[in-house]
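The values are calculated or read from the model by the stated rules, or taken from the named source; none is laboratory data. Predicted, not measured: the structure shown is a model, and the values here were computed from it. All Cβ positions, even for glycine, are placed from backbone atoms using ideal geometry, and neighbour counts span all protein chains on display. Protein only, heavy atoms only, side chains kept; ligands, DNA and RNA dropped before computing areas. Shrake-Rupley method; radii C 1.70, N 1.55, O 1.52, S 1.80 Å.
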Amino acid sequence: MAKSQKEVTGWIGFAGFVMILAGVSGIFEGLTAIVRSSFYAVVPNTLFNASVPTWGWIHLVLSVFVLLAGFAVLSGKMWGRMVGVVFALLSAITYMAFIPYYPIWSCLIIAMDVVVIYALFVHGDELDG
């Protein structure tokens with residue numbers, strides 16, 4: 001069954017807006033970890049033993065790129081979708097390592113990253129044809 005142009009652009013628009021939302025919230029999350037690291041519970045003996053401010057810098061830098069990639073996805077460019085997939089994947093991997101510090105939020109972001117990757121892979125090329 002062929003999908004309508006409206007349904008396809010709905011998926012891509014959803015992916016772009018979710019990336020923008022995740023980028024903005026990640027920027028605030030990173031700034032919080034940098035400025036007020038006591039906000040997050042520090043869990044000993046995790047797989048990646050990085051300090052909370054280090055995770056803050058990682059989230060801040062990655063979130064800026066996710067935000068910019070979200071705008072690129074909304075612009076409808078092929079390179080924007082490719083960059084969007086890469087940074088959604090990096091975001092999911094980063095939040096997997098961040099689960100011990102903020103578990104529920106990390107799992108929600110990972111789930112949204114998976115939906116974004118699905119939307120960009122499955123429905124992205126339908127805009128070109």
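Some observations on this one:
- Residue count for segment 25-40 under the criterion of being under 18 Å from Ala97 (Cβ atoms), hydroxyl-bearing (Ser, Thr, Tyr) and open to solvent by 40 Å² or more (accessible area, probe 1.4 Å): the result is 2.
- Selection status of Ile99, aliphatic (A, V, I, L, M) and out of contact with any helix residue (DSSP H, G or I) (no Cβ under 8 Å at 6 or more places or on another chain): no
- Residue check for Leu90: more than 17 Å from Thr32 (Cβ to Cβ) and either touching a helix residue (DSSP H, G or I) at 6+ places or on another chain (Cβ under 7 Å) or not in a helix (DSSP H, G or I) (or both): yes
- Filter result for Leu60 (at pLDDT 85 or above and either assigned to a helix (DSSP H, G or I) or surrounded by fewer than 22 Cβ atoms within 10 Å (Cβ to Cβ) (or both)): yes
- Segment 72-84 - residue that is open to solvent by 20 Å² or more (accessible area, probe 1.4 Å) and free of Cβ contacts under 8 Å to residues at least 60 places away in the same chain and, of those, farthest from Leu120 (Cα to Cα): Ser75
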